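The values are calculated or read from the model by the stated rules, or taken from the named source; none is laboratory data. What you see is a predicted model; the values in this text were computed from it and never measured. As a convention, Cβ positions derive from the backbone with ideal geometry for all residues, glycine included, and neighbour counts pool all protein chains shown. These area figures cover heavy atoms from the full protein model, side chains too; ligands, DNA and RNA do not enter into them. Shrake-Rupley method; radii C 1.70, N 1.55, O 1.52, S 1.80 Å.
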Amino acid sequence: MGIPLRQAVRVGGYVLKQHLTGRKRYPLVLMLEPLFRCNLACAGCGKIDYPDEILNQRLSYDECMQAIDECGAPVVSIAGGEPLLHRELPQIVRGFLERKKFVILCTNALLLGKKIDQYEPHPDFTWSIHLDGDKPMHDKSVCLAGTYEKAVEAIRLAKARGFRVSINCTLFSDSNPEKVAAFFDDMKAMDLDAITVSPGYAYERAPDQEHFLSRERTRKLFRGIFARGRGGKAWPFNQSALFLDFLAGNQTYHCTPWGNPTRNVFGWQRPCYLLGEGYAKSFKELMAETDWDAYGTGNYEKCADCMVHSGYEATAVVDAVKHPLKALGVALRGVKTDGEMAPEINLDKQRPAQYVFSRHVEEAMERIDTAAE
Ligand code: SF4
(Lines give C-alpha, C1' and ligand atoms only; values in the text may rest on other atoms or scores of the structure.)
Protein backbone atom coordinates (compact mmCIF):
# COMPACT_ATOMS: atom_id res chain seq x y z
CA MET A 1 0.00 0.00 0.00
CA GLY A 2 1.68 3.23 -1.17
CA ILE A 3 -0.86 5.65 0.29
CA PRO A 4 0.10 6.66 3.87
CA LEU A 5 -2.68 6.06 6.37
CA ARG A 6 -2.71 9.73 7.46
CA GLN A 7 -3.29 10.76 3.82
CA ALA A 8 -6.02 8.14 3.23
CA VAL A 9 -7.82 9.25 6.41
CA ARG A 10 -7.57 12.99 5.74
CA VAL A 11 -8.50 12.76 2.05
CA GLY A 12 -11.32 10.26 2.82
CA GLY A 13 -12.65 12.66 5.48
CA TYR A 14 -12.48 15.56 3.03
CA VAL A 15 -14.44 13.59 0.37
CA LEU A 16 -17.04 12.54 2.92
CA LYS A 17 -17.47 16.14 4.07
CA GLN A 18 -18.04 17.30 0.47
CA HIS A 19 -20.75 14.66 0.07
CA LEU A 20 -22.42 15.49 3.36
CA THR A 21 -22.53 19.16 2.43
CA GLY A 22 -24.03 18.26 -0.97
CA ARG A 23 -21.16 19.71 -3.04
CA LYS A 24 -21.45 18.23 -6.53
CA ARG A 25 -18.02 19.11 -7.94
CA TYR A 26 -14.91 19.55 -5.83
CA PRO A 27 -11.15 19.20 -6.31
CA LEU A 28 -8.94 16.48 -4.84
CA VAL A 29 -5.49 17.33 -6.17
CA LEU A 30 -4.30 20.74 -7.32
CA MET A 31 -2.05 20.21 -10.34
CA LEU A 32 0.35 23.11 -10.13
CA GLU A 33 2.63 23.92 -13.05
CA PRO A 34 4.67 26.86 -11.74
CA LEU A 35 6.69 26.95 -14.99
CA PHE A 36 6.86 25.16 -18.34
CA ARG A 37 10.66 25.35 -18.78
CA CYS A 38 12.33 21.94 -18.60
CA ASN A 39 15.85 20.54 -18.80
CA LEU A 40 14.65 17.54 -20.84
CA ALA A 41 12.66 17.30 -24.09
CA CYS A 42 10.73 14.02 -23.89
CA ALA A 43 9.09 12.63 -27.04
CA GLY A 44 5.69 12.17 -25.35
CA CYS A 45 5.57 15.59 -23.63
CA GLY A 46 2.90 18.11 -24.61
CA LYS A 47 3.90 20.77 -22.07
CA ILE A 48 7.10 22.42 -23.29
CA ASP A 49 6.30 23.40 -26.86
CA TYR A 50 6.13 27.15 -26.21
CA PRO A 51 8.09 30.22 -27.27
CA ASP A 52 10.91 31.28 -24.90
CA GLU A 53 8.86 34.23 -23.60
CA ILE A 54 6.30 31.76 -22.21
CA LEU A 55 8.92 29.25 -21.01
CA ASN A 56 10.50 32.11 -19.04
CA GLN A 57 7.28 32.83 -17.11
CA ARG A 58 7.00 31.65 -13.48
CA LEU A 59 4.11 31.52 -11.01
CA SER A 60 5.23 33.47 -7.95
CA TYR A 61 5.04 32.19 -4.34
CA ASP A 62 1.96 34.37 -3.78
CA GLU A 63 0.22 33.06 -6.92
CA CYS A 64 0.89 29.45 -5.82
CA MET A 65 -0.53 30.10 -2.32
CA GLN A 66 -3.53 31.89 -3.82
CA ALA A 67 -4.17 28.84 -6.06
CA ILE A 68 -4.36 26.39 -3.14
CA ASP A 69 -6.34 28.80 -0.95
CA GLU A 70 -8.84 29.36 -3.79
CA CYS A 71 -9.45 25.71 -4.62
CA GLY A 72 -8.98 24.09 -1.17
CA ALA A 73 -7.80 20.68 -2.47
CA PRO A 74 -6.14 18.52 0.22
CA VAL A 75 -3.26 17.46 -2.08
CA VAL A 76 -0.93 19.47 -4.35
CA SER A 77 1.05 17.87 -7.14
CA ILE A 78 3.79 20.18 -8.40
CA ALA A 79 4.69 19.44 -12.00
CA GLY A 80 5.83 21.47 -15.01
CA GLY A 81 8.21 21.77 -16.85
CA GLU A 82 10.88 20.88 -14.33
CA PRO A 83 9.85 22.37 -10.96
CA LEU A 84 13.40 22.30 -9.54
CA LEU A 85 14.31 25.05 -12.03
CA HIS A 86 11.99 27.39 -10.07
CA ARG A 87 14.03 29.43 -7.56
CA GLU A 88 11.15 29.94 -5.10
CA LEU A 89 10.19 26.27 -5.00
CA PRO A 90 11.49 25.42 -1.48
CA GLN A 91 9.46 28.34 -0.11
CA ILE A 92 6.40 27.23 -2.13
CA VAL A 93 6.65 23.67 -0.74
CA ARG A 94 6.94 25.03 2.82
CA GLY A 95 3.91 27.27 2.23
CA PHE A 96 1.78 24.28 1.22
CA LEU A 97 2.98 22.17 4.16
CA GLU A 98 2.18 25.02 6.57
CA ARG A 99 -1.34 24.93 5.10
CA LYS A 100 -1.52 21.20 6.02
CA LYS A 101 -1.54 20.01 2.41
CA PHE A 102 0.01 16.80 1.11
CA VAL A 103 2.72 17.83 -1.33
CA ILE A 104 3.97 15.70 -4.22
CA LEU A 105 6.97 17.21 -5.99
CA CYS A 106 7.38 15.69 -9.47
CA THR A 107 10.89 15.92 -10.91
CA ASN A 108 13.08 14.27 -13.51
CA ALA A 109 15.69 14.28 -10.69
CA LEU A 110 18.53 15.70 -12.80
CA LEU A 111 18.89 18.58 -10.30
CA LEU A 112 17.84 16.74 -7.17
CA GLY A 113 21.38 16.13 -5.85
CA LYS A 114 22.18 19.83 -6.21
CA LYS A 115 18.94 21.07 -4.61
CA ILE A 116 18.12 18.47 -1.94
CA ASP A 117 19.64 20.52 0.91
CA GLN A 118 16.93 23.15 0.34
CA TYR A 119 14.22 20.66 1.46
CA GLU A 120 13.50 18.81 4.69
CA PRO A 121 11.80 15.45 5.17
CA HIS A 122 8.17 15.78 6.27
CA PRO A 123 5.46 13.08 6.53
CA ASP A 124 3.28 15.06 4.12
CA PHE A 125 6.01 15.66 1.53
CA THR A 126 6.91 13.16 -1.22
CA TRP A 127 9.47 13.35 -4.00
CA SER A 128 7.91 11.85 -7.14
CA ILE A 129 10.72 10.86 -9.50
CA HIS A 130 9.88 10.54 -13.18
CA LEU A 131 10.90 7.03 -14.24
CA ASP A 132 9.18 5.42 -17.23
CA GLY A 133 10.60 1.92 -16.78
CA ASP A 134 13.99 0.21 -16.76
CA LYS A 135 17.10 1.80 -18.27
CA PRO A 136 16.31 1.18 -21.99
CA MET A 137 12.62 2.12 -21.53
CA HIS A 138 13.26 5.30 -19.52
CA ASP A 139 16.21 6.66 -21.50
CA LYS A 140 14.21 6.13 -24.71
CA SER A 141 11.16 7.83 -23.21
CA VAL A 142 13.08 10.95 -22.13
CA CYS A 143 15.34 10.93 -25.23
CA LEU A 144 18.56 11.17 -23.18
CA ALA A 145 20.96 8.36 -22.34
CA GLY A 146 22.11 8.15 -18.71
CA THR A 147 18.92 9.65 -17.25
CA TYR A 148 17.81 6.35 -15.67
CA GLU A 149 21.02 6.06 -13.64
CA LYS A 150 20.68 9.66 -12.46
CA ALA A 151 17.09 9.06 -11.37
CA VAL A 152 18.04 5.88 -9.46
CA GLU A 153 20.95 7.70 -7.82
CA ALA A 154 18.53 10.47 -6.77
CA ILE A 155 16.09 7.93 -5.30
CA ARG A 156 18.91 6.41 -3.20
CA LEU A 157 20.06 9.84 -2.05
CA ALA A 158 16.57 11.02 -1.08
CA LYS A 159 15.83 7.76 0.76
CA ALA A 160 19.15 7.99 2.61
CA ARG A 161 18.23 11.52 3.73
CA GLY A 162 14.94 10.27 5.20
CA PHE A 163 12.51 11.54 2.54
CA ARG A 164 9.40 9.78 1.34
CA VAL A 165 10.11 8.85 -2.28
CA SER A 166 7.84 7.63 -5.06
CA ILE A 167 8.17 7.26 -8.82
CA ASN A 168 5.73 8.36 -11.50
CA CYS A 169 5.77 6.00 -14.45
CA THR A 170 4.02 6.69 -17.76
CA LEU A 171 3.53 3.73 -20.10
CA PHE A 172 3.29 3.85 -23.89
CA SER A 173 2.27 1.38 -26.62
CA ASP A 174 5.68 -0.29 -26.79
CA SER A 175 5.56 -1.24 -23.07
CA ASN A 176 6.04 -4.94 -22.41
CA PRO A 177 4.05 -6.30 -19.40
CA GLU A 178 6.86 -8.64 -18.33
CA LYS A 179 9.47 -5.88 -18.40
CA VAL A 180 7.21 -3.41 -16.59
CA ALA A 181 6.49 -6.00 -13.86
CA ALA A 182 10.25 -6.69 -13.48
CA PHE A 183 10.86 -2.93 -13.27
CA PHE A 184 8.27 -2.59 -10.48
CA ASP A 185 10.00 -5.48 -8.65
CA ASP A 186 13.32 -3.60 -8.91
CA MET A 187 11.73 -0.43 -7.58
CA LYS A 188 10.19 -2.27 -4.64
CA ALA A 189 13.56 -3.82 -3.87
CA MET A 190 14.95 -0.26 -3.55
CA ASP A 191 12.50 0.27 -0.69
CA LEU A 192 10.60 2.88 -2.65
CA ASP A 193 7.57 4.24 -0.77
CA ALA A 194 5.15 4.40 -3.68
CA ILE A 195 4.57 3.96 -7.41
CA THR A 196 2.21 6.05 -9.55
CA VAL A 197 1.48 4.50 -12.92
CA SER A 198 -0.56 5.77 -15.84
CA PRO A 199 -0.94 5.35 -19.58
CA GLY A 200 0.33 8.41 -21.46
CA TYR A 201 -2.12 10.95 -22.85
CA ALA A 202 -1.86 11.65 -26.59
CA TYR A 203 -0.91 15.34 -26.35
CA GLU A 204 -1.59 16.88 -29.73
CA ARG A 205 1.71 18.81 -29.55
CA ALA A 206 3.89 15.86 -28.48
CA PRO A 207 6.62 15.17 -31.05
CA ASP A 208 6.00 11.38 -30.98
CA GLN A 209 2.35 10.63 -31.84
CA GLU A 210 2.87 6.96 -32.73
CA HIS A 211 3.37 5.45 -29.31
CA PHE A 212 0.27 6.48 -27.37
CA LEU A 213 -2.03 3.71 -26.17
CA SER A 214 -5.62 3.11 -27.25
CA ARG A 215 -8.08 2.19 -24.46
CA GLU A 216 -8.22 -1.42 -25.61
CA ARG A 217 -4.43 -1.79 -25.57
CA THR A 218 -4.24 0.00 -22.23
CA ARG A 219 -6.65 -2.45 -20.62
CA LYS A 220 -4.77 -5.47 -22.01
CA LEU A 221 -1.38 -4.03 -21.01
CA PHE A 222 -2.43 -3.45 -17.41
CA ARG A 223 -4.01 -6.90 -17.13
CA GLY A 224 -0.68 -8.32 -18.33
CA ILE A 225 1.25 -6.29 -15.75
CA PHE A 226 -1.01 -6.88 -12.76
CA ALA A 227 -1.24 -10.63 -13.55
CA ARG A 228 2.50 -10.77 -12.82
CA GLY A 229 2.14 -9.06 -9.42
CA ARG A 230 -0.78 -10.66 -7.52
CA GLY A 231 -3.35 -8.41 -9.16
CA GLY A 232 -1.16 -5.38 -8.42
CA LYS A 233 -0.84 -6.19 -4.69
CA ALA A 234 2.87 -6.99 -5.10
CA TRP A 235 3.74 -3.31 -5.55
CA PRO A 236 3.17 -0.18 -3.42
CA PHE A 237 0.89 1.82 -5.72
CA ASN A 238 -0.23 5.13 -4.28
CA GLN A 239 -3.42 4.97 -6.32
CA SER A 240 -6.78 3.63 -5.29
CA ALA A 241 -7.49 -0.05 -5.94
CA LEU A 242 -10.51 0.93 -8.05
CA PHE A 243 -8.40 3.12 -10.34
CA LEU A 244 -6.06 0.17 -10.96
CA ASP A 245 -9.17 -1.97 -11.54
CA PHE A 246 -10.33 0.60 -14.11
CA LEU A 247 -6.96 0.46 -15.90
CA ALA A 248 -7.35 -3.31 -16.19
CA GLY A 249 -10.79 -2.95 -17.82
CA ASN A 250 -12.96 -3.91 -14.85
CA GLN A 251 -14.77 -0.60 -14.36
CA THR A 252 -16.63 1.65 -16.81
CA TYR A 253 -15.78 5.08 -15.50
CA HIS A 254 -16.39 8.60 -16.78
CA CYS A 255 -13.63 11.05 -15.98
CA THR A 256 -13.78 13.72 -13.27
CA PRO A 257 -11.80 16.56 -14.89
CA TRP A 258 -12.48 19.01 -12.03
CA GLY A 259 -10.97 16.50 -9.56
CA ASN A 260 -7.43 17.58 -10.51
CA PRO A 261 -7.75 21.26 -11.48
CA THR A 262 -4.66 22.74 -13.12
CA ARG A 263 -3.15 26.13 -12.43
CA ASN A 264 -0.27 27.27 -14.64
CA VAL A 265 1.18 30.48 -16.07
CA PHE A 266 -1.86 30.87 -18.39
CA GLY A 267 -4.40 30.69 -15.54
CA TRP A 268 -6.79 27.83 -14.58
CA GLN A 269 -6.74 25.36 -17.44
CA ARG A 270 -10.00 24.13 -19.01
CA PRO A 271 -11.12 21.41 -18.73
CA CYS A 272 -8.31 19.36 -17.17
CA TYR A 273 -4.60 18.75 -16.72
CA LEU A 274 -4.33 17.11 -20.15
CA LEU A 275 -6.37 19.41 -22.36
CA GLY A 276 -5.76 23.16 -22.60
CA GLU A 277 -8.89 24.44 -24.33
CA GLY A 278 -9.15 27.77 -22.59
CA TYR A 279 -8.15 29.39 -19.30
CA ALA A 280 -10.17 30.88 -16.45
CA LYS A 281 -8.94 33.78 -14.30
CA SER A 282 -10.03 32.14 -11.05
CA PHE A 283 -10.93 28.70 -9.70
CA LYS A 284 -14.48 29.92 -9.17
CA GLU A 285 -14.75 30.94 -12.82
CA LEU A 286 -13.27 27.58 -13.92
CA MET A 287 -15.87 25.63 -11.97
CA ALA A 288 -18.84 27.84 -12.86
CA GLU A 289 -18.18 28.54 -16.53
CA THR A 290 -16.66 25.36 -17.95
CA ASP A 291 -19.03 23.30 -20.07
CA TRP A 292 -18.10 20.03 -18.32
CA ASP A 293 -20.57 17.96 -20.34
CA ALA A 294 -18.68 18.83 -23.52
CA TYR A 295 -15.70 16.74 -22.37
CA GLY A 296 -14.89 13.15 -21.43
CA THR A 297 -14.78 9.88 -23.33
CA GLY A 298 -17.84 9.59 -25.56
CA ASN A 299 -18.33 13.38 -25.61
CA TYR A 300 -15.19 14.66 -27.30
CA GLU A 301 -12.80 13.16 -29.83
CA LYS A 302 -9.65 14.24 -27.92
CA CYS A 303 -10.89 12.28 -24.89
CA ALA A 304 -11.51 9.01 -26.76
CA ASP A 305 -8.41 7.13 -25.53
CA CYS A 306 -7.81 8.89 -22.21
CA MET A 307 -7.43 6.71 -19.11
CA VAL A 308 -4.97 8.97 -17.30
CA HIS A 309 -4.88 9.06 -13.50
CA SER A 310 -5.37 12.86 -13.38
CA GLY A 311 -8.78 12.35 -15.03
CA TYR A 312 -9.95 9.12 -13.42
CA GLU A 313 -8.38 8.78 -9.95
CA ALA A 314 -10.94 11.19 -8.54
CA THR A 315 -13.74 9.10 -10.10
CA ALA A 316 -12.32 5.98 -8.42
CA VAL A 317 -11.93 7.72 -5.04
CA VAL A 318 -15.53 8.95 -5.07
CA ASP A 319 -16.69 5.46 -6.11
CA ALA A 320 -14.71 3.97 -3.19
CA VAL A 321 -16.37 6.36 -0.73
CA LYS A 322 -19.82 5.47 -2.13
CA HIS A 323 -19.09 1.72 -2.38
CA PRO A 324 -16.51 0.91 0.31
CA LEU A 325 -17.11 -2.85 0.20
CA LYS A 326 -16.42 -2.99 -3.53
CA ALA A 327 -13.19 -1.04 -3.01
CA LEU A 328 -12.17 -3.23 -0.08
CA GLY A 329 -12.81 -6.39 -2.13
CA VAL A 330 -10.48 -5.23 -4.92
CA ALA A 331 -7.85 -4.08 -2.40
CA LEU A 332 -7.89 -7.47 -0.65
CA ARG A 333 -8.21 -9.76 -3.69
CA GLY A 334 -6.19 -7.69 -6.15
CA VAL A 335 -7.27 -6.54 -9.59
CA LYS A 336 -9.03 -9.10 -11.79
CA THR A 337 -6.76 -9.93 -14.72
CA ASP A 338 -8.88 -12.37 -16.72
CA GLY A 339 -12.48 -12.89 -17.82
CA GLU A 340 -14.81 -10.45 -19.49
CA MET A 341 -14.06 -6.74 -19.36
CA ALA A 342 -16.51 -3.99 -18.37
CA PRO A 343 -18.39 -2.42 -21.31
CA GLU A 344 -16.62 0.40 -23.13
CA ILE A 345 -18.15 3.85 -23.64
CA ASN A 346 -19.76 4.38 -27.05
CA LEU A 347 -17.88 6.94 -29.15
CA ASP A 348 -20.51 7.38 -31.90
CA LYS A 349 -21.78 10.74 -30.62
CA GLN A 350 -18.48 12.39 -29.65
CA ARG A 351 -17.92 15.89 -31.07
CA PRO A 352 -14.88 16.42 -33.31
CA ALA A 353 -11.59 17.76 -31.94
CA GLN A 354 -10.95 21.50 -31.95
CA TYR A 355 -7.42 22.83 -32.30
CA VAL A 356 -7.00 25.96 -30.22
CA PHE A 357 -3.38 25.76 -29.07
CA SER A 358 -2.07 28.66 -31.18
CA ARG A 359 -4.84 30.99 -29.94
CA HIS A 360 -3.72 30.53 -26.28
CA VAL A 361 -0.10 31.10 -27.21
CA GLU A 362 -0.97 34.30 -29.12
CA GLU A 363 -3.07 35.61 -26.21
CA ALA A 364 -0.31 34.84 -23.70
CA MET A 365 2.31 36.53 -25.90
CA GLU A 366 0.11 39.63 -26.15
CA ARG A 367 -0.22 39.74 -22.33
CA ILE A 368 3.54 39.36 -21.87
CA ASP A 369 4.28 42.10 -24.45
CA THR A 370 1.75 44.48 -22.82
CA ALA A 371 3.22 43.86 -19.36
CA ALA A 372 6.74 44.59 -20.69
CA GLU A 373 5.72 47.98 -22.20
S1 SF4 B 1 -11.22 12.23 -20.76
FE2 SF4 B 1 -11.43 13.74 -19.10
S3 SF4 B 1 -9.42 13.80 -18.13
FE4 SF4 B 1 -9.13 12.81 -20.11
S5 SF4 B 1 -8.58 14.49 -21.53
FE6 SF4 B 1 -10.82 14.28 -21.62
S7 SF4 B 1 -11.61 15.75 -20.10
FE8 SF4 B 1 -9.43 15.43 -19.65
Please work out if D245 is within 14 Å of the ligand (Cβ to nearest atom) and out of contact with any His (no Cβ under 7 Å at 6 or more places or on another chain).
no
Taking the options K150, K159, K140, name whichever one is of a type in the set (K, R), open to solvent by 20 Å² or more (accessible area, probe 1.4 Å) and over 21 Å from G80 (Cα atoms).
K159
Say whether the condition of being within 11 Å of the ligand (Cβ to nearest atom), at pLDDT 95 or above and over 25 Å from I48 (Cα atoms) is met by at least one residue in the stretch 318-328.
no
Screening I116, I129 for residues that are among the β-branched types (V, I, T) and surrounded by fewer than 22 Cβ atoms within 10 Å (Cβ to Cβ) leaves only I116
Residue selected from the stretch 191-209 under the condition farther than 21 Å from L347 by Cα and among the acidic types (D, E), by the criterion nearest to the ligand (Cβ to nearest atom):
D208
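Matching residues to (1) among the polar types (S, T, N, Q); (2) over 15 Å from F283 (Cβ atoms); (3) free of Cβ contacts under 8 Å to residues at least 24 places away in the same chain:
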| site | (1), (2), (3) |
| --- | --- |
| Q7 | yes, yes, no |
| T21 | yes, yes, yes |
| L28 | no, no, no |
| P34 | no, yes, no |
| L40 | no, yes, no |
| G46 | no, yes, no |
| Q57 | yes, yes, no |
So which of G278, G229 is more than 10 Å from the ligand (Cβ to nearest atom), surrounded by fewer than 22 Cβ atoms within 10 Å (Cβ to Cβ) and under 26 Å from A194 (Cα atoms)?
G229
Meets criteria (in a strand (DSSP E or B), open to solvent by 30 Å² or more (accessible area, probe 1.4 Å) and closer than 19 Å to F36 by Cβ) for Y273:
no
Just give me the residues in the stretch 85-104 being open to solvent by less than 10 Å² (accessible area, probe 1.4 Å) and either of a type in the set (A, V, I, L, M, F, W, C) or in contact with an Asp or Glu (Cβ under 6 Å, 6 or more places away or on another chain) (or both), in sequence order.
L89, I92, V93, F96, F102, V103
